[in-house]
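Have a look at the structure below, then the notes.
Each value in this text was obtained by applying a stated rule to the coordinates, not by laboratory testing. Worth saying up front: this structure is predicted, and the values here are computed from it rather than measured. We place every Cβ from the backbone using ideal geometry, glycine too, and count neighbours over all the protein chains shown.
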Amino acid sequence: MTRVTALIGKELADLRQNPAVFVPAVITGFFAVLLPFFVAVIVPYMTGEHLSDSSDFQIAIEMYRNQPATRALDPEGAIQAWIFQQFVLLLVLTPVAGSMSVAAYTVIGEKQARTLEPLLATPITTLELLGAKVLASLLPAIGLATLCFALYIAGIVLFAHPGVAWALMTPRPLSIVFLLGPLSSLAALQLAVCVSSRVNDARSAQQIGALIILPIAGLLVAQLTGNVLLTGPTILLIALVLAGVNIALLRIGVALFDRESILTRWK
């Protein structure tokens, strides 16, 4: 653990010197926070029409009637709460984007800077090395996701109907952000690390890690169309699947990370 902790500190110090790595994640977080406000607040304000006047939001009215967290809200507030709950899944994309950017840099960036070879010549094991790199990439991504969620709630408090923010402070939205988010980020991160250990181009690693975005986008569309409802048991099942995927990816990553090849064949 001493070696892992020291390596995590070194990785975080390197990231502080390269803040541009986080630009894709910051842009993703900005639009993830902005989009639901555009739908729930900006468009009704500009058109002068209430969301509750639209027949397209009948599912939100049902949520207003059946869920304890929204029974105290008026119909307009209930629809806003429904919209913000559906789009909270977008916040999962923020740590995923951060993980992909950082993970590709931590391996390929060190290859290009010629700092990986001396590290591989030390007694540190492959599991310790990859574990430290994964954790050092995951921590800033989770921090950024937490900041985006805080801004999300603050914006709801300021611009949405009273009480809407409390509907987001329930187990379902919180588990999406703080359970599915880190697990999805970890999967994207480990995919990027696996590819980074075999290729010399950071873009290739990021493109492979981006495969995690596809099921997240699919879940969002399925939610909005009413085909899927992310209930507590469903979220728990997805989390268990992601945990299994992460364990498998860790084993694959250790197997793919050929220290001798990196030391002798890297150009």
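The distance between label points at Glu128 and Ala20 comes to 3.3 nm (points 7 Å beyond Cα on the Cα→Cβ vector).
Once the Cα-Cα distance is subtracted from the 0.36 nm per residue extended length, the Leu12 to Ile42 segment shows a gain of 7.0 nm.
Take the Cα of Thr170, step 7 Å toward its Cβ, do the same at Ala150, and the gap between the two points is 2.5 nm.
Stretched out straight at 0.36 nm per residue, the stretch from Leu158 to Ile27 would grow longer than its current Cα-Cα span by 44.9 nm.
Applied to region 78-93, the Karplus parametrisation 6.51 cos²θ - 1.76 cosθ + 1.60 on θ = phi - 60° returns per-residue 3J(HN,Hα) values of 5, 5, 4, 4, 4, 5, 5, 5, 5, 7, 4, 4, 4, 5, 5, 5 Hz, with x for Gly and Pro. Summary of packing: across the peptides 6-15, 137-146, the per-residue average of other C-beta atoms within 10 Å ranks them, highest first, as 137-146, 6-15.
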